[in-house]
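Below is one structure; the comments refer to it alone.
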Amino acid sequence: MALTSLTISQTHQGLVKKKFSALELTKEYLNRIKKEDKKIHSFLTVSENLAFSQAREIDKKISKKENIDLLAGIPTVIKDNIMVEDIKCTAASKILENYIACYDATVIEKLKKAGTVILGKTNLDEFAMGSSCENSAFGATKNPSDLKRVTGGSSGGSAAAVAANLCGYALGSDTGGSIRLPASFCGVVGLKPTYGTVSRYGLIAFASSLDQIGPMTETIEDCKIVFDVIKGWDEMDSTSIKTQSLSRSVAKSPSDLKIGIPKEYFVKGMDPEVEKQIKKAIKKYEDEGAKIIEVSLPHTEYALPVYYIISNSEASANLARYDGIRYGKSKVKSQKSKVKSLLDVYLENRGQGFGDEVKRRIMLGTYALSAGYYDAYYLKAQKVRTLIKEDFENVFKKVDVLLTPVSPTTAFKIGEKIDNPLSMYLSDIFTISVNLAGLPALSLPCGKVGKLPVGLQIIGQPFEEKRILEIGKIIEEVKN
Ligand code: GLN
């Protein structure tokens, strides 16, 4: 088997038994990236020098017979909205085109400590705003299963890199589905952890009450390995939670399980072929002895408008810092520039630096927060958010987990939805409630329609990542 097809534990075994060195492994991945990524465009930056120096460090440790962590020497890629010190961090925006990160995000610090090898930074929708990876200022990433189709977004580069074996695993971020949707479209595993479980220090903020970093991997076992390394309290993130219960008890056998199927997630307009694959997965759990119970989350229909009011409002505040002075294009020195005042600096930098979707959201968010409209939009949305959260609390009194599709369709064609923001936003209808409620959810491959992967979503109660990963294993399909 090619070195680039191994799981994390298999690679670890190979390194420890000296079947190959970390440097050889890194070179193998970098060669593959050179060959394959021309077609897919999952990378924005390849950090070859960093990767080589990290790999050499691990080889030294192995030659000295030192113990190494499971992630030591394992090549990874990082969504380009997470800071890696001294490496460019663009958030796929022109406004940060030349921005070099001046510190490591907490998750990166943890991965570096574990000895991982960072191959590069991956493409995304600009500032993680999008569902297809087409909103990147540097061009869309293409779905490895069909190059004419989108990867899903916003962590499309990370999902495609995992699917095409261009890395051992990846990190993504999920504000309204950005780990789970691309994982589903590309046929990989993606975990959106409970809000507050993984530090967001060093993540370029989009909507701070929703953003979470999580792993994107080939297998569930890999997902668990990475999650265990990146999770945990961090004094640098005030939303990070100090908890002992990060791994609550796991159901012993599927026959102990009560699985809820929310009826609002099987709606008209859903691709019947996708529905068939999801129903097949549900049947598998039933065959294993799990009790399948239909449940209702009655406020689901409000999730999309609530999400777009809250996320855009928070985004409009978070993106205010890109003012052309501390960050930005700073073209203002050019002779031809018409810049005469501070306002001109803002207008020129933000006008040229942000793409259309980002501008649209800043305008909507600013409007929703403005005096006179705040109560009608933002405050109202926060109240409905509470109702959505309570829906989940109520069903979790009756069931252990929920099973749903990740998306109503498989990967759509590049260009198909880009001119219609509303139809693009509808791709997120099954993923955003989870962020509004702060819950953990897993996306995992559960079949295909033609050559296109379908994703199953397992939603758990807060801090039950371990449980949803265990439950996912029951239908895991490892692809090679
Ligand atoms: N697609 C959603 C949006 O555009 C979610 C993005 C995300 O999770 N970062 O807002």
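All of the numbers you see were taken from the coordinates with simple rules; none came from a lab. Nothing here was measured: the structure is a model prediction, and the numbers come from that model. Positions of Cβ are backbone-derived with ideal geometry, glycine not excepted, and every protein chain shown enters the neighbour counts.
Computed quantities for the displayed model
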| item | result |
| --- | --- |
| Dipole moment magnitude, nearest 20 debye, segment 130-197 about Cα centre, only Lys, Arg, Asp, Glu C-beta charged | 80 debye |
| Cα gyration tensor of the chain - equivalent ellipsoid semi-axes, whole Å, descending | 32, 30, 20 |
| Beta bridge orientation in segment 184-307: antiparallel %, DSSP, nearest 5 | 40 percent |
| Packing-based order for 17-27, 117-127, using average beta carbon neighbours within 10 Å, highest first | 117-127, 17-27 |
| 16 Å Cα-Cα reach of Lys27 towards aspartates and glutamates, excluding residues that sit fewer than 8 places from it in its own chain | Glu36, Asp37, Glu48, Glu57, Asp59 |
| Approximate spin-label separation Lys263-Asp146, in nm, with each point projected 7 Å along Cα-to-Cβ | 3.3 nm |
| Cβ-Cβ FRET estimate between Met236 and Glu275, R0 fixed at 45 Å, reported to 0.05 | 0.55 |
| Selected from Ser47, Gly372, Gly415, residue furthest toward positive end of dipole (the chain; charges at beta carbon) | Ser47 |
| Length added when fully stretched, Asp86-Glu288, from 0.36 nm per residue minus Cα-Cα | 67.7 nm |
| Residues Ser131, Ser253, sorted so that the one with the fewest Cβ neighbours within 10 Å comes first | Ser253, Ser131 |
| For the chain, size of Cβ-based charge dipole, Lys and Arg +1, Asp and Glu -1, in debye | 820 debye |
| Label point distance in nm, Tyr327-Asn98, each placed 7 Å from Cα along Cα→Cβ | 1.7 nm |
| Cα-based radius of gyration of segment 1-137 once divided by 2.2 N^0.38 Å, which approximates compact folds | 1.09 |
| Per-residue Cβ neighbour rank within 10 angstrom, fewest leading, Met216, Met83 | Met83, Met216 |
| Farthest toward positive dipole pole in the chain [+1 Lys/Arg, -1 Asp/Glu at C-beta], among Gln382, Thr300, Ala183 | Ala183 |
| Percentage relative contact order, the chain, counting C-alpha pairs under 8 Å, at least six apart | 17 percent |
| Vicinal HN-Hα couplings computed from phi for segment 129-135 (Karplus, 6.51 cos²θ - 1.76 cosθ + 1.60; Hz; Gly/Pro x) | 9, x, 10, 9, 6, 7, 7 |
| FRET efficiency, Ser9 to Thr243 (Cβ-Cβ, R0 41 Å, nearest 0.05) | 0.95 |
| About the Cα centre, charge dipole magnitude for segment 41-133 (Lys/Arg +1, Asp/Glu -1 at Cβ), debye | 360 debye |
| Out-of-range pairs (alpha-carbon distance over 28 Å; input Lys19/Lys284; Lys79/Lys113; Lys38/Lys61) | Lys19/Lys284; Lys38/Lys61 |
| Sorted by Cβ density within 10 Å, fewest first, the residues Met129, Met236, Met270, Met424 | Met236, Met270, Met424, Met129 |
